[in-house]
Every structure is written in structure tokens, then in C-alpha cells.
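Colleague: Just passing along the structure, written as C-alpha cells.
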Amino acid sequence: MEQKEVLDELKTILVSRLKFDPRRAAETNESTALPKGVDGSIGLDSLDFIELSIAIEERFGIAMDENEDLTEHFASFETLSRFIAGKLPPA
Amino acid sequence: MKRVVITGLGAASPYGAGVVAYWKGLSAGVCAIRDLTLIETDGFRCRIGAEVAGTLAGSTRRTRADRLAIGAAGEALADAGLAARDRSTAALIVGAVGGGMLEAEAWYWRPTRDGARPRTLRAVLPSAHAEAVASRFGIGGPRHTVVTACSSGAVALAEAAELIADGVVDVALAGGVDAITRICFMGFNALKLLDPMPCRPFDRDRRGMSIGEGAGFMVLESEARARARRARVYATLAGHGMTTDAFHVTAPDPDGDGMVRAMRAALQLAGAAPREVQYANAHGTGTPQNDRIEARALARVFGEGGLLVSSSKSMIGHTMAAAGTLEAIATVLALEHGVVPPTANLVTPDPEVPFDCVAHASRAAQLTCAVSNSFGFGGQNVTLLFRRGVA
């Protein structure tokens with residue numbers, strides 16, 4: 001799966017699992033930041049990140065190590081989709 | 001009142017994932033009660049239970065109980081062929097007791113908190129399972145969590161049936177789930193209700209129960225809706241009865257009055273005569289009190305020897321909030337296959353139990369009508385009455 005496809009799946013998760021307005025999800029782009037409190041971000045809080053992590057693991061069939069600091073990977077759609085794409089088996 | 005039929009089944013049982021594995025184990029009389037590995041049992045008289053085998057569904061970030069629930073609920077929805085649009089208005093009723101307690105206990109038992117993140121504690125409440133199932137599968141109708149101890153999974157089915165019969169919803173996903181927890185194991189240990197050997201329901205020498213875990217879910221819908229979409233119908237949930245002993249926090253009423261009233265209420269709602277019922281999947285915990293009183297209650301309602309009786313707990317242990325649903329699934333499959341699953345570990349039948357309890361091996365029997373009993377601690381009694389196919 002290409003990073004672009006991962007990005008589209010993330011937007012789908014945003015709507016189906018985190019209950020974002022589809023229009024708002026459509027307005028995001030690669031550089032949109034994720035965490036609450038960052039300029040221009042979509043405003044995810046700590047519980048959103050847990051829900052997002054679960055959804056990612058179940059959608060992509062990957063495991064993310066809880067003991068690893070994942071903050072940098074969850075900074076934006078760009079960093080997150082790159083992180084996920086890197087964990088996927090080659091097509 | 002609308003008629004309620006069963007169109008989907010899902011199970012995560014001590015035999016592993018899926019209804020096929022569940023029925024294969026039950027009908028072969030396989031006892032899945034073994035040494036416990038999920039919790040520490042050093043120093044306890046009883047060290048056995050029935051743990052769910054194999055890989056669980058869902059993310060490892062979820063609690064064990066949530067993963068059991070997602071596996072069984074997903075199977076039931078797929079079995080019924082419910083599309084996203086159907087799910088968006090379906091009711092969701094989940095019987096639960098332990099919630100995410102297994103993980104919460106592990107958190108509180110840590111000697112230090114260094115670097116530990118209490119993430120799993122967010123899913124500790126019994127209502128967490130319904131949240132997990134609803135968000136995973138997009139269930140959008142009314143949502144209840146039922147906590148009535150060991151009958152929770154049966155109450156969930158009865159409540160779903162009422163919502164459909166009353167026309168509140170047309171379709172529901174209902175079931176029960178529990179993972180093994182220390183508090184459950186140690187609580188029953190303290191009450192001296194655990195048999196150190198695999199439990200022996202209806203045996204003269206029975207010494208108590210074995211704990212188990214699992215999840216069971218059913219898709220229930222109005223008969224009209226099932227017909228309109230040409231769904232496969234397993235059985236009709238023709239009647240249910242729910243009563244309370246109001247007698248004691250753990251012991252059942254010695255006369256079994258609450259149990260008798262639950263069974264009679266189910267018969268009445270179904271418009272069934274006692275002689276029509278050919279099989280009872282008993283609550284059958286293996287405790288001296290329950291089995292004696294349940295047998296007496298069954299005899300009062302159906303007459304001595306009036307029907308076949310067996311206890312699935314002899315094979316899968318007492319799966320707590322899942323028991324009412326998993327055993328209802330066993331009852332539905334018994335009707336479907338014309339096979340009564342046995343009571344395992346039954347060597348010396350108790351002379352106080354005036355029924356054929358189908359020892360060791362399953363029995364072929366053309367069944368058209370069967371009941372499933374579930375009696376929660378504190379006298380929370382439920383009887384479900386199923387008829388084969390669309391009755």
C-alpha cells in the first residue's frame with residue numbers, strides 16, 4: 001500500500017471511528033497537524049489518540065509498540081502515514 | 001407483539017474462535033477446563049478454569065474482554081449478513097460483569113508505576129464492551145449494558161427481544177462477555193464454591209463450579225424483517241421469563257420459587273405447554289445448592305423426567321456474563337442439529353435429580369422446543385424459550 005492510500009484510509013478512520021464531519025476530514029492535507037493545541041491542527045486529544053491507535057492496528061493489521069514514544073509519528077498526517085506505510089509488508 | 005427470530009450467531013469460547021469450533025467441542029463432550037494461565041493461582045485449592053484458546057480478534061491495545069466481544073459480535077453480524085445500513089439503527093444489548101478488570105488488576109498489582117501507562121483502565125467499566133462493539137461495527141440504535149451477574153447474557157437477549165416485539169427496533173445485536181479475572185476467581189474461592197476438579201453438574205459428588213470466560217452474540221430481528229430479506233432463521237425466541245428471588249445475596253431460594261416463576265413466564269409468553277419442551281439447557285453450575293434446587297424447580301414445571309437436561313458448564317465452565325448467551329447458542333444449535341449436548345464429568349447421577357442429564361455423550365433427539373436457564377447471584381432468574389426455525 002502506498003503512502004497516499006494510507007492517507008486516504010486515515011481520513012476514512014477519522015470519519016468512521018473518530019466521528020469527524022466528512023467535510024472537515026476532506027479539508028485536511030498531508031501537512032495538517034494532529035494534536036490539540038498545535039496551530040491548524042484537527043485537535044486530537046489523548047483519548048482520540050488511543051482510539052486512533054486501535055483503529056490503525058485493526059485496519060492495517062500492524063502492531064505499534066506501546067513502550068515506544070510515538071509522539072513524533074503522530075504529529076501530522078504526513079508523519080503518521082509514512083510511519084504506517086513503513087510497517088506494512090511490501091506489496 | 002412482533003415475533004422475534006434469531007438470524008446470526010457468534011462465539012468466542014474455550015474451544016477457540018467461532019460457532020463451528022464451539023458446537024464441535026460441545027457436541028463431542030470435550031471438557032475445556034484446564035490449568036489457569038491468565039491469573040496467578042499459587043496457594044489456591046482450585047487452580048483450574050476454562051480459558052479461551054487461540055488468537056483473539058482486535059487490537060492488542062484493547063482489553064481481553066473487549067477482544068472476545070469484538071470477535072463474537074463480528075461473527076454474528078457477518079453470519080446474519082447485516083449491512084452497514086442495518087447496523088446503523090440496530091439495538092445493542094450487552095451483558096457484562098467484569099469489564100476490563102483483568103487488565104485493571106494487573107495495573108494495580110504492579111510494584112511500581114515507573115513508565116507504566118494506565119491506558120487500559122479507560123476500558124475498565126462493564127459498559128466498555130458495548131462502546132467497543134458499537135464503534136467497531138457502527139451499531140447506532142439504543143444501547144444497554146446489563147449487569148445481572150451470571151444471567152447477564154440471558155437478560156441481554158430477553159431485552160433485545162422485547163425491544164423488537166414492541167416495535168422499538170427491527171433488529172438487535174445482543175450477547176454477553178466476560179474474561180477471567182482475579183476478583184471473580186478469588187471471590188468464588190472465598191465463597192468456597194470452586195471445585196478443585198473440573199465441575200461435575202448433577203453428580204452426587206459435585207463440589208462446586210469451574211470459572212470460564214468467553215463471549216456470545218446473537219442477531220435478533222422481527223420475523224417480518226427476516227422474511228423480507230430472506231435471511232436464514234436458526235430459531236424463534238418464542239418466550240422469556242425474568243424474575244427475582246429477593247431472598248439472599250448469593251444463595252438461591254431453597255424452594256426454587258423464582259426459578260419456577262421464570263420458567264412458567266417463558267412458557268406463558270410463548271403459549272407453550274410444559275410437555276412441548278423436550279430439552280432444558282440448565283444453569284447447572286455444579287454447586288450443591290444450585291443443581292439440587294434447579295432440578296426441583298424443573299420437576300415442578302415439567303414433571304419428573306419430563307425432558308432432557310444438560311449443563312454446558314461441565315465443558316466450558318461458568319463463563320459468567322457470557323454464560324446466558326453462549327448457552328442460549330448451545331440451545332439453538334441443539335434445535336438446529338437435533339442433537340442434545342451432554343453433561344461432561346457426570347459419573348454418579350445425584351438421586352435427588354429426577355432427570356436424564358445426558359452424561360458424557362451427546363444424544364440425537366428431534367427437538368422442536370427447548371429452554372435455556374440462567375440464574376444470577378442474588379436470585380436474578382431468566383428462562384429463554386426457543387422453537388426450531390420459524391415457529
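The values are calculated or read from the model by the stated rules, or taken from the named source; none is laboratory data. Keep in mind the model is a prediction, meaning the values are calculated, not measured. Positions of Cβ are generated from backbone atoms using ideal geometry, with glycine treated the same way; all protein chains shown enter the neighbour counts. Protein only, heavy atoms only, side chains kept; ligands, DNA and RNA dropped before computing areas. Shrake-Rupley method; radii C 1.70, N 1.55, O 1.52, S 1.80 Å.
Colleague: Which one of these does B:Gly29 not meet: (1) assigned to a loop (DSSP other than H, G, I, E, B); (2) modelled with pLDDT of 95 or more; (3) touching a helix residue (DSSP H, G or I) at 6+ places or on another chain (Cβ under 6 Å)?
Modeller: (3)
Colleague: Among the listed residues B:Val382, B:Val340, identify the single one that is buried (at least 24 other Cβ atoms within 10 Å of the Cβ) and under 24 Å from B:Arg261 (Cα atoms).
Modeller: So the residue among B:Val382, B:Val340 that is buried (at least 24 other Cβ atoms within 10 Å of the Cβ) and under 24 Å from B:Arg261 (Cα atoms) is B:Val382.
Colleague: Show the residue pairs that are 6+ apart or on different chains and have beta-carbon atoms under 9 Å apart, the first residue being within the stretch A:1-27 and over 18 Å from A:Ile50 (Cβ atoms) and at pLDDT below 90, the second being open to solvent by 80 Å² or more (accessible area, probe 1.4 Å) and of a type in the set (A, V, I, L, M, F, W, C).
Modeller: Every condition considered, the pairs that remain are A:Met1/A:Ala91; A:Glu2/A:Ala91.
Colleague: A further question on this structure: Quick check on this structure: which one of B:Val260, B:Val301, B:Val332 is part of a helix (DSSP H, G or I), open to solvent by 10 Å² or more (accessible area, probe 1.4 Å), at pLDDT 95 or above and over 24 Å from B:Arg34 (Cα atoms)?
Modeller: Being part of a helix (DSSP H, G or I), open to solvent by 10 Å² or more (accessible area, probe 1.4 Å), at pLDDT 95 or above and over 24 Å from B:Arg34 (Cα atoms) holds for just one of B:Val260, B:Val301, B:Val332, which is B:Val301.
Colleague: Residues in the stretch B:216-245 that are open to solvent by 30 Å² or more (accessible area, probe 1.4 Å), under 20 Å from B:Gly324 (Cβ atoms) and assigned to a loop (DSSP other than H, G, I, E, B): how many?
Modeller: 0
Colleague: Count, please, the residues in the stretch B:130-150 that happen to be within 14 Å of another protein chain (Cβ to nearest Cβ) and either within 17 Å of A:Glu57 (Cβ to Cβ) or part of a helix (DSSP H, G or I) (or both).
Modeller: Final tally of qualifying residues: 7.
Colleague: Is it the case that the stretch B:88-99 has a residue that's within 14 Å of chain A (Cβ to nearest Cβ), more than 20 Å from B:Ala330 (Cβ to Cβ) and of a type outside the set (A, V, I, L, M, F, W, C)?
Modeller: Scanning the stretch B:88-99 turns up at least one residue that is within 14 Å of chain A (Cβ to nearest Cβ), more than 20 Å from B:Ala330 (Cβ to Cβ) and of a type outside the set (A, V, I, L, M, F, W, C).
Colleague: Being part of a loop (DSSP other than H, G, I, E, B) and either at the interface with another protein chain (Cβ under 8 Å from one of its Cβ atoms) or open to solvent by less than 50 Å² (accessible area, probe 1.4 Å) (or both) is the filter here, so list the residues in the stretch A:49-75 that pass it.
Modeller: Start the filter on the stretch A:49-75 by keeping residues that are part of a loop (DSSP other than H, G, I, E, B), which leaves A:61-75.
Within the stretch A:49-75, A:Ile62, A:Ala63, A:Met64, A:Glu66, A:Asn67, A:Leu70, A:His73, A:Phe74, A:Ala75 meet the criteria.
Colleague: Let me ask something else. Looking at the structure I just gave you, is B:Ala69 small (Gly, Ala, Ser), buried (at least 20 other Cβ atoms within 10 Å of the Cβ), within 14 Å of chain A (Cβ to nearest Cβ) and under 20 Å from the mean Cα position of the chain (by Cα)? Outline the logic, then answer.
Modeller: Numbers: small (Gly, Ala, Ser): yes; buried (at least 20 other Cβ atoms within 10 Å of the Cβ): yes; within 14 Å of chain A (Cβ to nearest Cβ): yes; under 20 Å from the mean Cα position of the chain (by Cα): yes.
Answer is yes for this residue.
Colleague: Working only within the stretch A:76-91, note down all residues that are open to solvent by 40 Å² or more (accessible area, probe 1.4 Å) and touching a residue at least 12 places away in the same chain (Cβ under 8 Å).
Modeller: We begin by selecting, within the stretch A:76-91, every residue open to solvent by 40 Å² or more (accessible area, probe 1.4 Å); these are A:78, A:82, A:86-87, A:89-91.
Of everything in the stretch A:76-91, those that are open to solvent by 40 Å² or more (accessible area, probe 1.4 Å) and touching a residue at least 12 places away in the same chain (Cβ under 8 Å) turn out to be A:Glu78, A:Arg82, A:Lys87, A:Ala91.
Colleague: OK, next. Taking A:Ser46 and the conditions (1) open to solvent by 70 Å² or more (accessible area, probe 1.4 Å); (2) touching a residue at least 24 places away in the same chain (Cβ under 8 Å), which numbered condition does it fall short on, given that it satisfies the others?
Modeller: Evaluating A:Ser46 over (1) open to solvent by 70 Å² or more (accessible area, probe 1.4 Å); (2) touching a residue at least 24 places away in the same chain (Cβ under 8 Å) leaves (2) as the failure.
Colleague: Would you mind stating whether B:Leu307 is open to solvent by 30 Å² or more (accessible area, probe 1.4 Å), hydrophobic (A, V, I, L, M, F, W, C) and farther than 30 Å from B:Ala53 by Cα?
Modeller: no
Colleague: Okay, next question. Among (1) over 17 Å from A:Phe60 (Cβ atoms); (2) open to solvent by 60 Å² or more (accessible area, probe 1.4 Å); (3) within 14 Å of chain B (Cβ to nearest Cβ), where does A:Thr12 come up short?
Modeller: Result: A:Thr12 passes all but (1).
Colleague: Within the stretch B:24-63, which residues are farther than 25 Å from B:Pro341 by Cβ, more than 14 Å from every other protein chain (Cβ to nearest Cβ) and open to solvent by less than 70 Å² (accessible area, probe 1.4 Å)?
Modeller: Correct list: B:Leu38, B:Ile39, B:Thr41, B:Phe44.
Colleague: OK, next. Could you grab the pairs with beta carbons closer than 6 Å, sequence gap of 6+ or different chains, first residue in the stretch B:1-29 and farther than 16 Å from B:Lys313 by Cβ and touching a residue at least 24 places away in the same chain (Cβ under 8 Å), second one open to solvent by less than 10 Å² (accessible area, probe 1.4 Å) and among the aromatic types (Phe, Trp, Tyr)?
Modeller: B:Gly10/B:Phe217
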